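Read the structure below first, then the notes.
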Amino acid sequence: MLLSELAKQVDAVLDGDGGLEISACAGIREALPDQVTFLANAKYQSHLSGTRAAAVFIRESDPCPEGLTRLVCDDPYFAFRNATVILHGHRVHPEVMDEAESGVSSRAIIHAEASIGQDNRIHPNVTIEKGARIGDRCHLYPGVYIGPEAEIGDDCILFPNVAVYDGCKLGNRVTVHACSAIGNDGFGYATHAGAHHKIPQTGITILEDDVEIGSNCAIERAALGATVVGAGTKFADLISIGHGTTIGKHCLIVSLVGIAGSVEVGDYVALGGQTGVAGHLRIGNQVQALAKSGITGDVADGSTVGGAPAVDADTAKRNALAGMSLGALVRRVRALERTLDKMAQRDE
């Protein structure tokens, strides 16, 4: 489409030639003359002078080389996202290989007492157990397992080998990527006389509307009640959520995070990669944790923490910088100790 039309659709102010024809979006270093790019991070500012892009999404206050067409907006990254949706669209899911009129593969195993909505695509080797309920316009890839009495809302996408255990509930527009488990047993054992005795996990897992779960995640069912992931929350890959934990709305959980059981996570929380959270804690609203944080106590609303054990982020950064010089510090202390010993011997 013409650049002027794209600017209009994403609510950006065009500063330059709107007659350019645009075919795609690209990174600032890879973009070609028929593509648009964006600048959201100042560390990439130097690449603007060499970009071949037709135009750049940019803030009004950010410097831009002469001759480069600007698409001025308050949030360049979000505008670029919207342009990508317009020019590229979302993933197109494949048709069912042996699709019947219903869109359900003849090689899917669906219990007679399961409920299947309208306009679904259910691929071969999907298993849907007794009492399970599938909404409308869902896409279940090969190998998906839906347990007894589980509920899947409308417009959900479950990629290959996802398992939704018995009784668990997914809201509308939920996406679960390959090989994730929703509602596997919590890690609950009573240790008696040195032996570990399994505690029945009688609760469920609930994913609310617009949740997206990455690949190879495990969200345990509660021992009692429910493990809940709030609306709009997004998981990366390889994340483990303990039984009975509640995660609020619109959180971002990055890869390799582990949250123990019975944790209460507020809304709009961001946990960096490899963060670990001990059990029975409360993490407040709008908390941010730096990568590799070890959270061992409650965290107040709006805090930014880091380190292990986690402290406020500024202190964590100073501690990390000091830790980089520990070897030299040890040598200095030992030298001072030797000097003090010699001084003490002279005094004797």
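The values are calculated or read from the model by the stated rules, or taken from the named source; none is laboratory data. These figures come from a predicted structure and were not determined experimentally. So basically every Cβ, Gly included, is an ideal-geometry build from the backbone, and we count neighbours across all protein chains shown.
General observations
- Which numbered condition Cys64 misses (of (1) over 30 Å from Asp136 (Cβ atoms); (2) not in a loop (DSSP other than H, G, I, E, B); (3) not aromatic (Phe, Trp, Tyr)): (2)
- Annotation note: Cβ proximity below 7 Å between a residue of segment 299-317 that is on the phi > 0 side of the Ramachandran plot and a residue that is among the polar types (S, T, N, Q) (sequence gap 6+ or interchain) occurs for Gly302/Gln286; Gly307/Ser293; Gly307/Asn319.
- Any hit, segment 194-201, residues being in the same structural domain as Ile116 (by TED's automatic domain parsing) and surrounded by 18 or more Cβ atoms within 10 Å (Cβ to Cβ): yes
- Residue in segment 262-272 that is more than 21 Å from Val311 (Cβ to Cβ) and either among the charged types (D, E, K, R) or buried (at least 20 other Cβ atoms within 10 Å of the Cβ) (or both) present: yes
- Look at segment 236-261: where a residue is in a loop (DSSP other than H, G, I, E, B) and a partner is among the basic types (Lys, Arg), sitting 6+ places away or on another chain with Cβ atoms under 8 Å, you get His243/Arg221; Cys251/Lys234.
- One residue from Ile116, Ile109, Ile122 being loosely packed, with under 15 Cβ neighbours inside 10 Å, in contact (Cβ under 8 Å) with a residue 12 or more places away in the chain, closer than 30 Å to Ala150 by Cβ and among the β-branched types (Val, Ile, Thr): Ile109
- In the set (1) in contact (Cβ under 8 Å) with a residue 12 or more places away in the chain; (2) over 30 Å from Ile152 (Cβ atoms), Glu66 fails one condition alone, (1).
- Members of segment 126-170 found to be assigned to a loop (DSSP other than H, G, I, E, B), crowded, with 24+ Cβ neighbours inside 10 Å and under 19 Å from the mean Cα position of the chain (by Cα), listed by number: Cys156, Val162
- Looking across segment 5-50, the residues that are assigned to a helix (DSSP H, G or I) and either in contact (Cβ under 8 Å) with a residue 24 or more places away in the chain or in contact with a strand residue (DSSP E or B) (Cβ under 7 Å, 6 or more places away or on another chain) (or both) come down to Leu6, Ala7, Gln9, Leu48.
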